[in-house]
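Here's the structure we're looking at; comments come further down.
The values are calculated or read from the model by the stated rules, or taken from the named source; none is laboratory data. None of the values given here were measured: they were computed from a predicted structure. A quick note on method: Cβ atoms are made from the backbone with ideal geometry, for glycine too, and the neighbour counts reach across all protein chains shown.
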Amino acid sequence: MSRFVVIVLDSFGVGAMADVPQVRPRDCGSSTAGHIIAQLPDINLPTLEKLGLMNSLGYEIGHHKFSTEAVFGTANLAHHGADSFLGHQEIMGTTPKVPLIQPFNQKIDEVEANLCQQGYQVRRVGEVGTQILVVNESATVGDNLETDYGQVYNVSACLDLIDFKELAKIGHVVREVVQVSRVIAFGGEAVTFADLLGAIKTKNNEIAGVDAPESGVYNQGYQVVHLGYGINKSVQTPTLLDQKQVTVSFLGKVADIVQTDSERLFPGVDSTYLFDCLVKEIKQIKDGFIALNIQETDLAGHAEDVSRYADRLELSDRRIAEVLPLLTKGDILVVMADHGNDPTIGHSNHTRERVPLLIYSPGIRSKTIGERATLADVGATVADFFQVPSPQNGTSFLTELVD
């Protein structure tokens, strides 16, 4: 066995999926990679382009050209919508359960009742129809403002006022009575409760919640747990690897949202720190599965900040160039995304896009694995690579990488 490394450039899609006109009309015309390169033609991405970025995009832009040596493909999203949590569950070989779409105020009565029943002090803030809950004067419960409306609820807290374990309990109380795709319980240190309340926003008179970046929870001592809907970890590739004592290492957001028994977890947001951790893990692990999520690209997409997104891409490109020489014959690297987040499309939410599959393995070149039906093909390939049972979903492309 050798190493299988997956780098997820969060939200770096390569064009709207075919079903977008029917299921997400506002994403029509989206192309995160294409539009960023078109708006900033001097962006420098030599490593990603060598790996086949423009091949996956399907067209060239100025001096950004196809690669003749690339091993590449694309993958569609099988999960509903365009969600990081569901996208990563799909990458790991799961067929995500279809959640309900319900803005928080459609469930606020049930959530409030369950919290009160469990002994929490609860009050409401805001106008009727766009209210949020305040719990024990240290946490809030409301809509997630960054993802699709009605799919994710946030439990946001000041960790100087509440222990993270207690915060996670509140998250579970909320999770018990809602059917949306995700409940995220998170908080940060050196944040006052006034900071949380001051960052409350409403959108389109439909959803209300705390603007997490504005509140400052990411800045110091950030901790998070993602509570998914109908996720069965036993049929996911990481669990199958755990059962066979194959080393698993998760870095960045993937460490927060994918379950594993491994203790090699490196949560965090800063891209430089996470790439430093990745380099160390590759040097230390001789046989195993390593997965990294670079979240700062996604945060730039939510901010509709093309320049910041491009900056994070250029940093990632440089750091991936450092990774390639560390890989030896038999190792496989896949650089991909989990959805799109086109900062030019006119809204700040994720976009339903195909994602690139840029594959590097020493000695293998000039191959295509085509357009895959699901991100789960990656998880299935990882399982095939380590010769463990196949996950719930996905078709391995491992044999397509050899002559």
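The conditions of being closer than 30 Å to V248 by Cβ, part of a loop (DSSP other than H, G, I, E, B) and either touching a strand residue (DSSP E or B) at 6+ places or on another chain (Cβ under 6 Å) or of a type in the set (A, V, I, L, M, F, W, C) (or both) are met by V14.
Listed here are the residues, each with its yes/no results for (1) at pLDDT 95 or above; (2) surrounded by 24 or more Cβ atoms within 10 Å (Cβ to Cβ); (3) not assigned by TED's automatic domain parsing to the domain that holds N205.
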| site | (1), (2), (3) |
| --- | --- |
| V134 | yes, no, no |
| E137 | yes, no, no |
| G150 | no, no, no |
| N154 | yes, yes, no |
| H172 | no, no, no |
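Of the residues making up region 277-292, at least one is in contact with an Asp or Glu (Cβ under 8 Å, 6 or more places away or on another chain), at pLDDT 95 or above and either farther than 18 Å from L358 by Cβ or of a type in the set (A, V, I, L, M, F, W, C) (or both). Considering every residue within region 341-358, establish whether at least one is modelled with pLDDT of 95 or more and over 19 Å from S30 (Cα atoms). Within region 341-358, one or more residues are modelled with pLDDT of 95 or more and over 19 Å from S30 (Cα atoms). Does I320 count as touching a Gly at 6+ places or on another chain (Cβ under 7 Å) and crowded, with 22+ Cβ neighbours inside 10 Å? Against the criterion (touching a Gly at 6+ places or on another chain (Cβ under 7 Å) and crowded, with 22+ Cβ neighbours inside 10 Å), I320 does not qualify.
Considered as a group, the residues in region 256-274 that are modelled with pLDDT under 95 and in a helix (DSSP H, G or I) include one that is surrounded by the most Cβ atoms within 10 Å (Cβ to Cβ), and that residue is I257. If only residues of region 1-43 that are in contact with a His (Cβ under 7 Å, 6 or more places away or on another chain) and within 23 Å of M92 (Cα to Cα) are counted, the one that is surrounded by the fewest Cβ atoms within 10 Å (Cβ to Cβ) is S11.
Filtering region 356-399 to residues that are within 14 Å of G87 (Cβ to Cβ), of a type in the set (A, V, I, L, M, F, W, C) and out of contact with any Phe, Trp or Tyr (no Cβ under 7 Å at 6 or more places or on another chain) leaves L375, A376, V378. Take E110 and tell me if it is in a helix (DSSP H, G or I) and in the same structural domain as V173 (by TED's automatic domain parsing). It is true that E110 is in a helix (DSSP H, G or I) and in the same structural domain as V173 (by TED's automatic domain parsing).
Name the pairs whose Cβ atoms lie under 6 Å apart, with the first residue in region 27-53 and closer than 14 Å to L324 by Cβ, the second of a type in the set (A, V, I, L, M, F, W, C) and in a helix (DSSP H, G or I), and 6 or more positions between them or separate chains? Final answer for the pair search is T47/I320; T47/A321.
Between G87, G93, G81, G73, the distinction of being part of a helix (DSSP H, G or I), in contact (Cβ under 8 Å) with a residue 24 or more places away in the chain and not basic (K, R) belongs to G87 only. Of the residues making up region 293-347, those that are in a loop (DSSP other than H, G, I, E, B) and touching a Leu at 6+ places or on another chain (Cβ under 8 Å) are L327, A337, D338, H339. Residues that are touching an Asp or Glu at 6+ places or on another chain (Cβ under 9 Å) and at positive phi within region 94-129 comprise just one, G129. Can you spot a residue in region 353-370 that is charged (D, E, K, R), within 26 Å of I43 (Cβ to Cβ) and buried (at least 24 other Cβ atoms within 10 Å of the Cβ)? Within region 353-370, one or more residues are charged (D, E, K, R), within 26 Å of I43 (Cβ to Cβ) and buried (at least 24 other Cβ atoms within 10 Å of the Cβ). Restricted to region 180-207, and to residues that are under 11 Å from N144 (Cβ atoms) and among the hydrophobic types (A, V, I, L, M, F, W, C), which residue is surrounded by the fewest Cβ atoms within 10 Å (Cβ to Cβ)? Taking the candidates together, the pick is I207. Among the residues that make up region 66-73, is at least one of them of a type in the set (V, I, T), modelled with pLDDT of 95 or more and over 20 Å from I369 (Cα atoms)? Taking every residue of region 66-73 in turn, none turns out to be of a type in the set (V, I, T), modelled with pLDDT of 95 or more and over 20 Å from I369 (Cα atoms). Within region 145-194, the set of residues being in a loop (DSSP other than H, G, I, E, B), under 23 Å from E304 (Cβ atoms) and of a type in the set (D, E, K, R) comprises E146, D148. The residues of region 220-255 that are within 20 Å of S84 (Cβ to Cβ) and part of a loop (DSSP other than H, G, I, E, B), listed by number, are Y222, Y229, G230, I231, N232, Q236, K253.
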